[in-house]
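Inspection log for the structure reproduced underneath, given as structure tokens.
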Amino acid sequence: MGYPSVERRRLLAAAALGRELGTPGPDPESGDPLHAVTGEILDISPHLAIVETPDGMEERLVIAPWAKAWNGRDAAPADIAVGSMVIMRALREGRVVERIWADTTRITGTILSIEGRRDLSVELDCGPHRGRRTVVIPYRATGRIRVRHPQFEPGYLFDAIGVRQAGGSLALLPATSQPAYPARAVPGPPPAYAGLQPRISGTAIWSDSFDEEEHGAAYPMVERSDAGCPDAEVSCAGLPYLAIGSLLQVRNTCTDRAANVPVVACGCLAGRFCDRCVECGTSPRGRIVELSPTVYVELGGDLLKGCFNAQIGLG
């Protein structure tokens with residue numbers, strides 16, 4: 001998903017602005033780090049998981065007695081099928097697994113069409129970098145998703161969490177309450193915003209459109225010419241402009257974990273959601289950053305909850 005030469009852009013920006021070059025990664029003051037391990041399940045038991053990581057390495061991880069799993073429903077870790085693609089949150093140098101999400105995906109976009117009477121097939125425009133995507137909402141999940149998406153019609157935004165399956169994806173859980181406005185009618189930022197705040201509060205979300213194991217962020221207010229994204233520069237949160245390659249310090253205010261994360265892509269779709277996160281209190285309106293699943297998990301986020309209250313500043 002990311003753009004080329006992000007590291008070089010960051011080096012040049014620091015030199016041009018006379019700033020100290022920040023280092024990507026977790027804040028050492030956040031306590032014992034959490035580790036996100038991704039890969040394909042080769043074998044699993046109640047006590048041990050063996051996975052093949054994206055770089056072809058085999059990892060053997062202990063499963064904690066209190067560990068939980070999800071594969072479209074709550075499950076015991078040993079019930080995860082061999083061959084599933086997983087993201088695991090691990091402790092103790094990344095060797096002890098406490099949470100497993102199997103074949104988990106997020107489907108975010110603008111509704112283009114809806115077909116079906118029981119199981120619904122929804123075609124979405126997921127932005128210029130992600131193209132179109134079709135998702136099936138099984139009948140058992142339609143009630144829950146429709147309650148959180150009352151404007152269930154073309155032109156409105158859609159955001160759900162589900163599972164990947166052969167040939168497509170199933171949407172099972174609403175990731176947010178749908179904004180009441182059409183996707184092309186995003187409210188403007190507060191008029192008093194002057195771009196001087198050292199830190200900005202809002203909602204951080206995750207997206208599975210990043211490369212596997214990528215540690216990066218998508219940011220709504222990147223210049224269109226810089227990102228090659230005609231839908232950029234939209235947000236109701238009053239964000240300052242940043243270039244691809246900038247380093248953001250992202251803090252999960254729910255867990256008080258922070259990390260420096262490079263901006264690797266345009267977050268034009270996230271910028272169209274002027275919603276709130278209620279993970280621990282209520283955040284100000286607006287999605288201020290979209291994180292790769294690995295970063296999101298290592299900051300203490302739960303993929304099923306879909307967001308956490310966040311603060312961002314320059315890393």
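Tabulated data
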item: Residue in region 75-85 that is crowded, with 21+ Cβ neighbours inside 10 Å, of a type in the set (A, V, I, L, M) and under 22 Å from the mean Cα position of the chain (by Cα) present; result: no
item: Qualifying positions in region 238-261 - under 15 Å from LEU299 (Cα atoms), open to solvent by 10 Å² or more (accessible area, probe 1.4 Å) and in contact with a helix residue (DSSP H, G or I) (Cβ under 6 Å, 6 or more places away or on another chain); result: ARG257
item: Identity of the residue in region 210-237, surrounded by fewer than 17 Cβ atoms within 10 Å (Cβ to Cβ) and on the phi > 0 side of the Ramachandran plot, that ends up farthest from the chain's Cα centre (by Cα); result: GLY228
item: Which listed residue, of GLU298, GLU279, is touching a strand residue (DSSP E or B) at 6+ places or on another chain (Cβ under 8 Å), modelled with pLDDT of 95 or more and over 14 Å from SER207 (Cβ atoms); result: GLU298
item: Count - residues of region 62-74 that are under 24 Å from the mean Cα position of the chain (by Cα) and either farther than 21 Å from ALA171 by Cβ or assigned to a strand (DSSP E or B) (or both); result: 5
item: Test set (1) at pLDDT 85 or above; (2) out of contact with any Gly (no Cβ under 8 Å at 6 or more places or on another chain); (3) among the aliphatic types (A, V, I, L, M) - ALA15 fails condition number; result: (1)
item: Residue satisfying all of: in region 262-315; in a strand (DSSP E or B) and touching a Cys at 6+ places or on another chain (Cβ under 6 Å); surrounded by the fewest Cβ atoms within 10 Å (Cβ to Cβ) among these; result: ASN309
item: Single match in LEU120, LEU112 (criterion: open to solvent by 20 Å² or more (accessible area, probe 1.4 Å), closer than 29 Å to GLY267 by Cβ and not basic (Lys, Arg)); result: LEU112
item: Members of region 153-179 found to be closer than 26 Å to ALA232 by Cβ, open to solvent by 50 Å² or more (accessible area, probe 1.4 Å) and modelled with pLDDT under 95, listed by number; result: SER177
item: In region 46-61, residue farthest from VAL96 (Cα to Cα) [restricted to those that are surrounded by 13 or more Cβ atoms within 10 Å (Cβ to Cβ) and within 24 Å of the chain's Cα centre (by Cα)]; result: PRO54
item: Out of ARG130, ARG106, sole residue that is part of a loop (DSSP other than H, G, I, E, B) and either open to solvent by 40 Å² or more (accessible area, probe 1.4 Å) or under 26 Å from ALA270 (Cβ atoms) (or both); result: ARG130
item: Test for ILE80: is it hydrophobic (A, V, I, L, M, F, W, C) and under 20 Å from ASP302 (Cβ atoms); result: yes
item: Complete set of residues in region 21-45 that are within 26 Å of GLY162 (Cβ to Cβ) and either in a strand (DSSP E or B) or over 20 Å from the mean Cα position of the chain (by Cα) (or both); result: HIS35, ALA36, VAL37, THR38, GLY39, GLU40, ILE41, LEU42, ASP43, ILE44
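The values are calculated or read from the model by the stated rules, or taken from the named source; none is laboratory data. Note that this is a predicted model, so its numbers are computed, not measured. Cβ atoms come from the backbone with ideal geometry, glycine included; neighbour counts cover every protein chain shown. We work out accessible area using only protein heavy atoms, side chains counted, and drop any ligands, DNA or RNA first. Shrake-Rupley method; radii C 1.70, N 1.55, O 1.52, S 1.80 Å.
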